[in-house]
Amino acid sequence: MFGYCGNLESDVHELYSGLRQACANDPSLQAVAPGCSAHCHGWGYVIQADNGLFHYRTARSIYEDKIVLPKLEGPIRAIFHGRYASNEKLMGHIFSHPFVAADDAKVTFFAHNGGVSVDDLPERKVDSEWAMEQAIAAGDLAKALPKLKEHTRSALNLLVLTIDRKKGNPALLEYFHYFKPKEPGKVEYYTMFEGKMPGGRALISSTMKLSEAKVTSLKDIRPATFDKLISLES
């Protein structure tokens with residue numbers, strides 16, 4: 001997955017192309033899903049720009065789905081996510097990220113890589129939806145993080161776009177990078193990175209850093225801040 005905050009439509013297109021490449025061929029995925037190298041169980045995005053709020057989810061793989069991204073104007077905040085489903089029974093459009101929830105104060109879009117342990121999860125519901133619900137119930141993500149970390153089985157890599165209902169309050173794009181495994185392959189897979197694009201900042205999954213992804217405009221790449229809620233606002 002990736003998150004982007006900036007003002008260049010071309011940055012989003014380059015990151016999107018890189019994610020397509022990464023989802024089609026992710027050798028590091030085998031560390032958590034032996035024998036698998038593709039995120040083939042759906043994808044989605046949310047993009048907020050001056051000319052609209054665009055939310056798309058599908059069960060088609062990102063590298064097979066032939067869609068045209070919307071025209072984007074002004075400041076851009078975006079989350080893109082390609083899905084590998086650990087439980088193939090939970091496949092379908094409704095299980096693709098980013099999920100969305102709303103309350104009286106805000107609208108929240110939520111994407112998650114990793115896994116959390118949940119007792120008595122309802123049938124046909126994924127753990128990432130439960131994680132989002134904890135953030136909504138707590139009032140904001142920061143207050144929910146201790147509980148979410150306690151329940152984390154593998155990783156709690158989050159990208160969250162929050163849009164305040166109050167007129168004039170800016171939207172906020174944040175990330176949280178956290179994982180528990182110590183095995184080298186899993187550490188490589190779950191580590192995320194932050195870098196600068198010509199028009200803003202981006203957070204990317206590990207595979208998008210590989211040369212094969214061809215995200216050549218991403219510079220000053222460094223490991224994402226670990227275990228701290230970070231704003232991507234440029």
Too long at a 27 Å Cα-Cα cut-off: which of K66/K167; K125/K180; K143/K180; K106/K143? K66/K167
Partners for K149 among aspartates and glutamates (Cα-Cα distance below 14 Å; same-chain residues under 8 apart left out): D127, D227
Cleavage-rule hits, GluC sites (Glu not before Pro), the range 78-184, DSSP coil, Cβ neighbours within 10 Å at most 15: E88, E123
Work out the length of the dipole vector of the range 1-126 about its Cα centre, built from +1 on the beta-carbon of each Lys and Arg and -1 on the beta-carbon of each Asp and Glu, and round it to the nearest 20 debye. 260 debye
Students sometimes get this wrong: rank S28, S17 by accessible area, probe 1.4 Å, all chains present, largest first. S17, S28
Do any trypsin sites (Lys or Arg not before Pro) in the range 157-234 lie in a DSSP loop with no more than 15 other beta carbon atoms within 10 Å, and if so, which? R165, K166, K167, K182, K214, K228
In nm, to one decimal, how far is the T58 label point from the L210 one, both placed 7 Å along Cα→Cβ? 2.3 nm
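The values are calculated or read from the model by the stated rules, or taken from the named source; none is laboratory data. None of the values given here were measured: they were computed from a predicted structure. Note that we place each Cβ from the backbone using ideal geometry, even for glycine, and neighbour counts take in every protein chain shown. These accessible areas exclude ligands, DNA and RNA; they are computed on the full protein's heavy atoms, side chains included. Shrake-Rupley method; radii C 1.70, N 1.55, O 1.52, S 1.80 Å.
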